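A short write-up of the structure that comes next.
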């Protein structure tokens, strides 16, 4: 597994615009292996936009974003080193949980766990062969989060990961994120409800 | 890389089969158009066999346009497109494979049934063959050209109309050469057919690039 190596995400004075309108400006952030940052701020301030910009779905207007891996000699594009779980879960209602995860695995490449193992970690093994359309919002969320486990990628971008999760599932996700950080991963969440992990870096938007 | 593309292909076929709609819808539309025209024109067999190839081609064009608006929209709405953007495979190739899967489910059945529908227009053996051959080349061209329109209108909820307006002008040259090859009674078959093939190959090569760049900007 290549995850033990040190990785750094460096964001300097990033700004994002849609047309003439500046959505976000002057964001700076440094995140290293084992660290988690929480982006907070009022609704509409651009938390999701920041995460989507880091994922590369938005072109940057200005600023720099760099990804450094100590051992990777060849520069892998950042988009291939990150997981993004957003408001849209990327799951197909007509496919079963297993098929959805296998498709996710197929898109992202290089498996670490099987669909069953990943769902087992999210305590959802019993819905493996149910179409995702039959699941509740919280269960869908958990299937989407299981994608984090199925493919090994160091940077996790989680947009409101706790939405629709019950208390037990929140504890489960917290443990999974802690495990990811422990093995040298990086996590950036946008949230109103802190995960409550020690050493969380706070990034507060909306004070500009 | 090949595995990623295989997954995309199988996934799209699986989704098309489970959700239904698209492919069958196009086929039923094709069938109804082709059935209605002889009734409207009347039992003039010579006239029917003369305009038959053109009617089949027009029906194929309209049927191809029918399901195209969902080609990328379904993936954009549920966030699957984001996951595709994170894939190591270039979006251009994913688009190419998605178009192939779409054609496989919608265009290919149409081509295979076209000889049967041709009988309704009193087409003879050689004419049936040339209609099927030209449609075999023409329908993927429509799918790929349509993919450009589908990618441009991916964020529009009622993008179907705009898609038709965008795609039909691009499809006109394909229609012209397709129908002239299919009506090979008046013009030799090979020349327009080769031009049709060239148009098809150009669209397969260029449309994925255009569609992928439209999809990338749609993420903004």
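The values are calculated or read from the model by the stated rules, or taken from the named source; none is laboratory data. Small disclaimer: the values here were computed from a predicted structure and weren't measured. With ideal geometry, Cβ positions are generated from the backbone for all residues, glycine too; neighbour counts draw on all protein chains shown.
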Would you be able to say whether some residue in the range B:95-110 is within 14 Å of another protein chain (Cβ to nearest Cβ) and in contact with a strand residue (DSSP E or B) (Cβ under 7 Å, 6 or more places away or on another chain)?
no
Using the structure shown, decide if residue A:29 is assigned to a helix (DSSP H, G or I) and buried (at least 17 other Cβ atoms within 10 Å of the Cβ).
no
Only one of B:138, B:160 is in a helix (DSSP H, G or I) and in contact with a helix residue (DSSP H, G or I) (Cβ under 6 Å, 6 or more places away or on another chain); which?
B:138
Residue among B:126, B:169, B:115 that alone is away from every other protein chain (no Cβ under 14 Å) and closer than 25 Å to residue B:39 by Cβ:
B:115
Hey, could you check the range A:8-22 for residues that are assigned to a strand (DSSP E or B) and at pLDDT below 85 and say which is farthest from residue A:70 (Cα to Cα)?
A:21
When the range A:123-159 is examined, which residues are found to be closer than 17 Å to residue A:181 by Cβ and in contact with a strand residue (DSSP E or B) (Cβ under 7 Å, 6 or more places away or on another chain)?
A:145, A:148, A:153, A:154, A:155, A:156, A:157, A:158
Which listed residue, of B:15, B:86, B:5, is touching a strand residue (DSSP E or B) at 6+ places or on another chain (Cβ under 8 Å) and within 14 Å of another protein chain (Cβ to nearest Cβ):
B:86
When you go through A:88, A:108, A:51, A:116 one by one, which is the residue that is touching a strand residue (DSSP E or B) at 6+ places or on another chain (Cβ under 8 Å) and farther than 17 Å from residue B:7 by Cα?
A:51
Against the definition (more than 27 Å from residue A:78 (Cα to Cα) and surrounded by 15 or more Cβ atoms within 10 Å (Cβ to Cβ)), how does residue A:119 come out, yes or no?
no
Members of the range A:99-147 that are within 9 Å of chain B (Cβ to nearest Cβ) and part of a helix (DSSP H, G or I)
A:99, A:102, A:103, A:104, A:105, A:106, A:107, A:108, A:144, A:147
Checking the conditions here, which among B:65, B:45, B:13, B:5 is closer than 29 Å to residue B:177 by Cβ and either surrounded by 17 or more Cβ atoms within 10 Å (Cβ to Cβ) or touching a helix residue (DSSP H, G or I) at 6+ places or on another chain (Cβ under 6 Å) (or both)?
B:65
Working carefully through the options A:157, A:162, find the one that is away from chain B (no Cβ under 14 Å) and within 17 Å of the chain's Cα centre (by Cα).
A:162
Look at residue A:85 and say whether it is within 14 Å of chain B (Cβ to nearest Cβ), over 15 Å from residue A:151 (Cα atoms), surrounded by 15 or more Cβ atoms within 10 Å (Cβ to Cβ) and at pLDDT 85 or above.
no
Which of (1) away from chain B (no Cβ under 14 Å); (2) modelled with pLDDT under 85; (3) in a loop (DSSP other than H, G, I, E, B) does residue A:45 not meet, given it meets every other one?
(2)
Which of (1) more than 23 Å from residue A:62 (Cα to Cα); (2) at pLDDT below 85 is the odd one out, the single condition residue A:25 does not satisfy?
(1)
Scanning the range A:32-55 for residues that are without any contact (Cβ under 8 Å) to a residue 40 or more places away in the chain and over 13 Å from the mean Cα position of the chain (by Cα), the one surrounded by the most Cβ atoms within 10 Å (Cβ to Cβ) turns out to be A:49
When only residues in the range B:114-123 that are in contact with a helix residue (DSSP H, G or I) (Cβ under 7 Å, 6 or more places away or on another chain) and surrounded by fewer than 24 Cβ atoms within 10 Å (Cβ to Cβ) count, which is nearest to residue A:109 (Cα to Cα)?
B:115
